[in-house]
Amino acid sequence: MSSIQKSGTFTLGSHTVKRLGYGAMQLAGPHVFGPPRDRDAALAVLREAVSSGVDHIDTCDYYGPHVTNQIIREALSPYPKDLVLVTKIGARRGSDASWLPANSPTELEQAVHDNLRNLGLEVLDVVNLRIMFGMGPTEGSIEAQLTALAELQRKGLVRHIGLSNVTPAQIEEGRRICKIVCLQNQYNLAHRDDDALIDQLAREGTAYVPFFPLGGFSPLQSSTLSRVAERLGATPMQVALAWLLGRPAVSSLVIGARSKAQLKDNIAAASLALSFDERARLDAVSRPPVLYPYWHQQLTAKGRFGPADLVLDRSDV
């Protein structure tokens, strides 16, 4: 049984797909802008992903822009019957490679048609509405944007709708407009703001697919991750992915790779078993620092140290 098969499956709209998918962001050039340095390598890694058992690919037309979808079409069309393509709309790229909101009804409709054209499809399997009110989830009504996307679904251009970069309140607002089959927010070992939300969505049957599964580690967190990886004979990236796969409420991981070798390493994370002790050490790196008020009162009174010294050093947890 392959590592991808071992990862298990989850429900994505009307599809049952494996928990390890492929994220196409890295297929574009530097800073996800322009063409890749090696187009043949980009084509090869896509074909290798599918031949390895990947049955869903996460992409969007503002990667490049247009580049990743065009490469996916060249590499894989005509598509395997069981391959699910998940895209997103709600942003565009500036000429300086900046990421800009594009969420008017006209822009959203154009984005759907751009995805259809560049992927060579008549209908999009899953479209995630990316909310760009702020860098992270930021409160604000999404009614106008989601209503426009739901209308495109009624026209038969979109099968299923998901949300990306949203708050719990926006999810609830969205559910009053249409069925939401999945959520994409940033979540990884170092960024766990969605812990409670993930568990809630799992109980409700809504898929949670984190983006940036390997991003944003501090030096302290990275050192803990590296020590666990060294004991397991694995890479820190494999351990971080294995930690996510070990969280049952995380529906899927979309792993990026620019080369077949990198893809193979990331897929191998599905075969990495973390012990209870190892998971506890990794869990600890993203918990808030522990303060001891009683010690603070006693030791500062004696002039021993101040409040800044009362943060427990978690590097040896």
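Coordinate-derived values only; no laboratory data. Only a predicted model underlies this, so the values are computations on that prediction, with no experimental measurement involved. Positions of Cβ are generated from backbone atoms using ideal geometry, with glycine treated the same way; all protein chains shown enter the neighbour counts.
The figures follow:
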quantity	calculated
Neighbour-count order for Lys179, Lys18, Lys88, Lys81, fewest beta carbons within 10 angstrom listed first	Lys81, Lys179, Lys18, Lys88
Those aspartates and glutamates that a straight Cα-Cα span of less than 17 Å connects to Lys264, excepting residues fewer than 8 apart in one chain	Glu48, Asp55
In the range 86-168, the GluC sites (Glu not before Pro) that fall in loop regions by DSSP, at most 16 other Cβ within 10 Å	Glu122, Glu139
Cα long-axis angle, helix 143-154 against the chain (0 to 90 degrees, to the nearest 10)	40 degrees
Eligible aspartates and glutamates near Lys155 by straight Cα distance, threshold 13 Å, same-chain separation 8 or greater	Glu109, Glu122
Sorted by Cβ density within 10 Å, fewest first, the residues Ile71, Ile4	Ile4, Ile71
C-alpha long axis of helix 105-119 to longest principal axis of the chain, angle in °	80 degrees
Inverse of mean 1/r across different Cα pairs in the chain, Kirkwood, Å	20.8 Å
Given charges at beta-carbon only (K, R positive; D, E negative), |dipole| of the range 56-156 in Debye	120 debye
Ranked Trp99, Trp243, criterion: other C-beta atoms within 10 Å, fewest first	Trp99, Trp243
Length-normalised contact order for the chain - Cα pairs under 8 Å, 6+ apart - percent	17 percent
Within the chain, helix-based [θ] at 222 nm, where runs of 4 or more DSSP H residues each add -39,500 (n - 2.57), nearest 500	-11500 deg cm²/dmol
